[in-house]
Amino acid sequence: MGIKQRVNLLIQAIETDKSEETLKTRKKQMIKNLLESSLKYVHIVVIQGVEIQVDNGDGDPQRLQELASIDQNRSRAHDSIIGVINAVNRMCVHYELAPIYQGKETRRDIGDFTLEIVSEYFADRL
């Protein structure tokens with residue numbers, strides 16, 4: 001089952017839940033955060049790759065600081081997406097659904113999963 005299908009099942013479970021509407025809205029916002037955080041992380045990784053690729057390697061202190069700042073932003077975005085994935089997976093457990101993320105708990109695998117999310121939504125665009 002694809003990521004979008006698992007997300008749809010979770011949304012359906014939330015919508016049929018007998019919880020208050022405000023709680024349902026917050027749960028659906030967490031799913032939206034998963035998608036937006038994935039896009040943000042992939043964007044930062046691509047920017048970092050391009051910046052490293054075009055770096056002339058002269059060791060300019062300002063340039064090194066820029067690269068370090070990009071890496072810090074990437075690391076923070078990665079930490080954030082890990083938290084969001086864990087929260088969404090806990091919702092899946094609550095609703096007795098398969099987890100959205102089913103891979104290994106390594107940073108690399110989780111990072112790769114964010115690209116899978118973005119790719120699947122992009123491939124299925126209108």
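Here are a few things to note about the model shown:
- V84 vs. criteria out of contact with any Cys (no Cβ under 9 Å at 6 or more places or on another chain) and either polar (S, T, N, Q) or surrounded by 15 or more Cβ atoms within 10 Å (Cβ to Cβ) (or both): yes
- The one condition in (1) under 20 Å from K32 (Cβ atoms); (2) in contact with an Asp or Glu (Cβ under 8 Å, 6 or more places away or on another chain); (3) of a type outside the set (A, V, I, L, M, F, W, C) that E66 fails to fulfil: (1)
- Apart from one condition, V84 fits all of (1) touching a Leu at 6+ places or on another chain (Cβ under 6 Å); (2) without any contact (Cβ under 8 Å) to a residue 12 or more places away in the chain; (3) among the aliphatic types (A, V, I, L, M); the exception is (2).
- Hey, R63 of a type in the set (K, R), free of Cβ contacts under 8 Å to residues at least 12 places away in the same chain and within 16 Å of I3 (Cα to Cα) or not: no
Residues checked against (1) touching a residue at least 40 places away in the same chain (Cβ under 8 Å); (2) more than 19 Å from the chain's Cα centre (by Cα):
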site	(1), (2)
E15	no, yes
Q29	no, no
L34	yes, no
Y41	yes, no
V45	yes, no
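- Flag if G49 is surrounded by 15 or more Cβ atoms within 10 Å (Cβ to Cβ) and either under 14 Å from the mean Cα position of the chain (by Cα) or not basic (K, R) (or both): no
- Options H78, H94: the member that is surrounded by 15 or more Cβ atoms within 10 Å (Cβ to Cβ) and free of Cβ contacts under 8 Å to residues at least 40 places away in the same chain: H78
- Helices (runs of 4 or more DSSP H) contained entirely in segment 1-115, each with at least 2 residues that are within 22 Å of R125 (Cβ to Cβ) and polar (S, T, N, Q): 3-16, 21-54
- Matching residues, segment 10-31, being charged (D, E, K, R) and either surrounded by fewer than 13 Cβ atoms within 10 Å (Cβ to Cβ) or in contact with a Cys (Cβ under 8 Å, 6 or more places away or on another chain) (or both): E15, K18, E20, E21, R26
None of the figures in this text is laboratory data; all of them are computed from the coordinates on show. The model shown is predicted, which means the values in this text are computed figures rather than measured ones. Heads up, the Cβs are rebuilt from the backbone with ideal geometry, glycines too, and the neighbour counts pull from every protein chain shown.
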